[in-house]
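Novice: Below are the structure tokens for one structure; questions will follow.
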Amino acid sequence: MDVEYSKFLEAKNIAISYYGKDINVDQINKILFPFQKDVTRWAIKKGRAAIFLDTGLGKTFCQLEWARLIGARTLIIAPLSVARQTVREGKKINIDIKYVRSQDDITDDYNIYITNYEIIDCFDFSMFQAVVLDESSILKCLSGKIRRRLTELCSKIPYRLACTATPAPNDNTEIGTHAEFLGICTHAEMLAQFFVNANREHTFIVGNRTYRKKGSNKGGTEWRLKHHAEKPFFKWLSAWAISMIQPSDLGYEDEGFILPKLEIIPHFAQSDYVPDGSLFFTSLRGISDRAKIRRSTINARLEILKEVVNNSSDQWIIWAGLDEESRAIKNNFGAIEVKGSDSSDYKAQTFEDFQDGKIKIMVTKPRIGGFGMNFQNAHRMAFFGLSDSWESWYQCIRRQWRYGQKQAVDVHVILSDIEQAIYTNIQRKDAMAKRLRVGLIEHLKNYELEELSLMTTQKVDYKETVEMGNGWKAFLGDACECLKKVDENTIDLSVYSPPFVDLFTYTDSNRDLGNSRNREQFFSHYSFIIKEILRVTKPGRITCVHTSDIPAMAQRDGYIGVKDFPGDVIRAYGNEGWVFVGRAFVQKNPQAQAIRTKSKALLFVQMRKDSSDSRPALVDQILMFKKDGENKIPICPVDNGELDNEKWIEWANGIWIGIHESDTLQYHTARDKDDEKHICPLQLGTIERCIKLYSNPGETILTPFGGIGSEAYQAIKLKRKAILIELKESYYRVAIKNMKAAELLAYPADLFSINMEVK
């Protein structure tokens with residue numbers, strides 16, 4: 001492989017910079033388990049990282065050792081209820097942490113400080129060199145204003161660490177906000193690179209109507225990971241985040257990290273609730289209706305709770321959702337209540353008293369005590385009602401059901417009978433989350449082992465092969481490398497359509513020109529191919545490049561409009577020594593394009609609503625470039641019988657009409673199951689015009705992005721020789737079939753007597 005090209009491909013790999021430093025594992029406190037030491041050492045070397053360790057795996061020890069060993073003044077930001085607990089945990093490993101409420105509390109006596117998310121504006125972040133977000137999943141729960149403010153405040157801090165339980169693998173928001181906080185990329189950039197708008201898959205447009213398929217999402221944008229982006233995404237994620245559900249996920253021993261038995265016990269109270277204006281109850285409705293149901297069934301549910309709690313001498317946490325529920329539990333059980341309006345000192349002290357066994361029954365809401373706290377001193381809890389939030393359910397249970405818990409954990413769920421659908425929904429979400437989390441860990445495993453230096457770098461699959469037929473040669477491989485196997489000054493004409501910048505649409509390979517993160521990287525890659533086409537083309541001969549303007553999208557590009565891709569291609573060719581000699585526009589049907597691309601800019605309804613957001617259809621452009629020098633063999637299409645004056649006038653018009661958009665080779669069978677789009681082969685009529693105008697029969701036509709073989713097919717059919725190069729194997733296989741079919745059309749009677757050798 002060419003050294004320069006090899007370096008370029010290496011640079012295309014998604015790389016995350018190192019901002020930290022190397023330390024010896026012996027510098028880490030001996031109380032930490034081996035996996036905790038490795039994760040901590042990795043995070044210190046990264047300098048900016050996320051630790052996604054499941055509840056009870058010791059994130060607090062990891063973050064405190066990170067703060068100590070990074071050796072800079074550090075501010076830890078934690079939920080209100082967690083800060084004092086972190087101070088207590090620090091004492092176990094001889095780390096002194098000072099709880100502070102404002103910059104005035106910062107002194108030279110400490111190097112590590114901790115505060116709460118609610119008061120971040122009370123601090124001068126320029127006075128800190130490191131920041132830790134504890135329970136960082138709160139990033140997705142904070143209002144957009146607070147989250148953006150936090151990200152902005154930390155943007156110039158050199159060392160950043162985010163710690164939370166393993167994120168929900170189907171929640172791109174949580175991963176995106178973490179990447180943004182750490183300075184990896186913005187949430188929008190992450191979506192543009194690895195995800196696709198799933199809503200668009202559920203719509204289709206006919207005329208001036210937009211139809212939505214059954215089952216599509218109507219409430220906001222849904223994103224899913226592109227199929228070909230899975231490997232690049234997980235490799236990217238593992239470069240800045242370590243995820244673990246249990247130590248054995250990455251080959252460590254699970255001793256000391258085996259969860260005890262968990263028993264979920266539902267109870268349903270009879271209810272006679274009927275919504276206002278109805279004769280009988282039919283189904284659960286919105287939030288206000290659900291709150292009414294909970295209020296109307298408090299007494300019935302209290303009777304069940306009494307049977308459960310009064311027969312036990314153990315400590316209990318009771319999770320309430322409404323103020324009325326919390327008060328009723330306090331009054332009926334003598335429970336200690338923790339409310340949102342209580343002072344932070346009272347909340348912290350109450351939680352500590354519960355942890356120390358001084359309180360038998362504590363009642364609070366999930367958003368107050370359900371995140372980050374360690375309540376494994378108890379092993380019984382009750383949900384006095386449920387919301388539809390799986391995360392709230394999971395986090396509350398994990399306050400007791402943690403590694404290190406010695407008892408089986410009993411979780412009682414007390415609902416009215418008409419709320420069974422909520423319980424069923426939570427169980428469904430829980431089962432799905434477990435499957436997805438296991439899948440996430442499995443996908444990340446090898447990349448994370450590589451990050452932790454426990455495994456060698458994985459090899460990237462790449463193979464080359466070549467097949468030949470009567471008048472054609474086909475390479476499977478990278479055009480940048482396969483073109484080097486074509487002799488200099490041997491190509492009479494090249495015709496092709498380059499990929500556009502469209503990440504992970506057809507492959508996950510770095511060799512795929514479309515897999516470029518931006519325009520600059522795309523054209524840097526493209527330049528290798530443009531140079532090689534120039535080398536192999538005969539002096540004075542032509543290359544025809546099919547292009548089109550490209551829609552600019554708000555999510556990907558930051559604006560809605562059109563990008564001048566043909567202009568960029570013209571400049572790229574000029575930079576490598578080609579001479580731009582002209583272009584032809586291929587007429588397109590705007591309604592057919594509207595149906596295919598789902599562009600509102602082409603709809604009748606948009607024209608009637610506000611035509612300032614309408615635009616013409618994007619037409620194909622065939623750009624013609626010439627290699628400098630004298631053409632030694634004249635091209636004479638009239639003498640060849642392939643062109644006459646009348647047709648010349650039509651083709652020389654500059655606007656090619658009469659080319660049907662459906663005039664393509666059959667391409668659906670070439671699509672892999674993971675491809676995001678069908679390949680878009682060039683119309684055969686367009687290719688025919690290029691070949692007849694700029695080559696003679698018997699000459700050699702090159703297509704460096706062969707696809708399913710449309711250009712090679714037409715070349716063979718028109719009695720030319722063809723050289724095809726294609727990177728994607730499924731397309732290559734179809735291209736071979738199409739070239740063989742073209743042989744039969746070109747030489748039906750004497751297929752085996754004529755030998756058109758391709759050198």
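The values are calculated or read from the model by the stated rules, or taken from the named source; none is laboratory data. Keep in mind that what you see is a predicted model, and the values were worked out from it rather than measured. Ideal geometry is used to build each Cβ from the backbone, glycine not excepted, and the neighbour counts take in all protein chains shown.
Novice: Counting only residues that are in contact (Cβ under 8 Å) with a residue 40 or more places away in the chain and more than 42 Å from the chain's Cα centre (by Cα), which one in region 314-356 is farthest from V409 (Cα to Cα)?
Specialist: Looking at residues that are in contact (Cβ under 8 Å) with a residue 40 or more places away in the chain and more than 42 Å from the chain's Cα centre (by Cα), I get I329.
Novice: If we scan region 508-524, do we find a residue that is out of contact with any strand residue (DSSP E or B) (no Cβ under 9 Å at 6 or more places or on another chain), in a helix (DSSP H, G or I) and surrounded by 20 or more Cβ atoms within 10 Å (Cβ to Cβ)?
Specialist: Looking for residues that are out of contact with any strand residue (DSSP E or B) (no Cβ under 9 Å at 6 or more places or on another chain), in a helix (DSSP H, G or I) and surrounded by 20 or more Cβ atoms within 10 Å (Cβ to Cβ), one finds at least one in region 508-524, hence yes.
Novice: Ok, one more. Which pairs do you get when a residue that is farther than 18 Å from I529 by Cβ, found in region 721-736, comes within reach of a residue that is among the aromatic types (F, W, Y), reach meaning Cβ atoms under 7 angstrom, with the pair 6+ apart or on two chains?
Specialist: Short answer, once both residue conditions are applied: K721/W472.
Novice: What number goes with the only condition from (1) under 30 Å from S343 (Cβ atoms); (2) more than 28 Å from the chain's Cα centre (by Cα); (3) in a helix (DSSP H, G or I) that L75 does not pass?
Specialist: (3)
Novice: From the list P704, P681, P697, which one is at pLDDT 95 or above and within 29 Å of K728 (Cβ to Cβ)?
Specialist: Exactly one residue qualifies, and that residue is P704.
Novice: Go through region 570-609 and count every residue that is at positive phi and modelled with pLDDT of 65 or more.
Specialist: 2
Novice: Could we say that I754 is surrounded by fewer than 20 Cβ atoms within 10 Å (Cβ to Cβ) and either over 22 Å from N515 (Cα atoms) or at pLDDT 95 or above (or both) here?
Specialist: Judged against the criteria, I754 is a match.
Novice: Only one residue in K12, K98, K7, K45 is of a type outside the set (F, W, Y) and farther than 27 Å from M190 by Cβ. Which one?
Specialist: K98
Novice: From the list A348, A320, A378, A291, pick out the single residue that is on the phi < 0 side of the Ramachandran plot, touching a Leu at 6+ places or on another chain (Cβ under 7 Å) and surrounded by 14 or more Cβ atoms within 10 Å (Cβ to Cβ).
Specialist: A291
Novice: Follow-up. Would region 82-89 turn up any residue that is part of a loop (DSSP other than H, G, I, E, B) and not aromatic (F, W, Y)? Give the steps one after another, and end with the answer.
Specialist: So the first thing to find is which residues in region 82-89 are part of a loop (DSSP other than H, G, I, E, B), and the list is 82.
In the following step, the residues that additionally are not aromatic (F, W, Y) were identified as 82.
Within region 82-89, one or more residues are part of a loop (DSSP other than H, G, I, E, B) and not aromatic (F, W, Y).
Novice: If the requirement is being touching a residue at least 12 places away in the same chain (Cβ under 8 Å) and closer than 22 Å to G370 by Cβ, which of these qualifies: N116, N94?
Specialist: Testing whether each residue is touching a residue at least 12 places away in the same chain (Cβ under 8 Å) and closer than 22 Å to G370 by Cβ leaves just N116.
Novice: Condition (residue is in contact (Cβ under 8 Å) with a residue 24 or more places away in the chain and among the β-branched types (V, I, T)) applied to region 462-479: is it met by at least one residue?
Specialist: Checked region 462-479: no residue is in contact (Cβ under 8 Å) with a residue 24 or more places away in the chain and among the β-branched types (V, I, T).
Novice: Is there any pair with a first residue in region 403-426 that is of a type in the set (D, E, K, R) and a second that is assigned to a helix (DSSP H, G or I) whose Cβ atoms are under 6 Å apart and which are 6 or more apart or on different chains, and what are they?
Specialist: Here the result reads none, with nothing in region 403-426 linked to a residue that is assigned to a helix (DSSP H, G or I).
Novice: Test F500 against the criterion of being assigned to a loop (DSSP other than H, G, I, E, B) and either without any contact (Cβ under 8 Å) to a residue 40 or more places away in the chain or at positive phi (or both), and give yes or no.
Specialist: no
Novice: While we're on this one: Pick out, from region 535-581, the strands (runs of 3 or more DSSP E) lying fully within it that include 3 or more residues that are in contact (Cβ under 8 Å) with a residue 12 or more places away in the chain and within 21 Å of I635 (Cα to Cα). Spell out the reasoning first.
Specialist: Numbers: elements: 537-548, 550-552, 561-563.
Once the strands (runs of 3 or more DSSP E) in region 535-581 are filtered for at least 3 residues that are in contact (Cβ under 8 Å) with a residue 12 or more places away in the chain and within 21 Å of I635 (Cα to Cα), what remains is 537-548.
Novice: State whether the residues of region 465-485 include one that is at pLDDT 90 or above, farther than 26 Å from V309 by Cβ, of a type in the set (A, V, I, L, M, F, W, C) and surrounded by fewer than 19 Cβ atoms within 10 Å (Cβ to Cβ).
Specialist: yes
Novice: Please find, among I31, I51, I44, the residue that is in the same structural domain as M190 (by TED's automatic domain parsing), in contact (Cβ under 8 Å) with a residue 24 or more places away in the chain and closer than 30 Å to T350 by Cα.
Specialist: When all the criteria are applied, what remains is I51.
Novice: Residues to consider are S497, S453, S548; find the one that is more than 28 Å from P616 (Cα to Cα), of a type in the set (S, T, Y) and within 28 Å of the chain's Cα centre (by Cα).
Specialist: That would be S453, the only listed residue that is more than 28 Å from P616 (Cα to Cα), of a type in the set (S, T, Y) and within 28 Å of the chain's Cα centre (by Cα).
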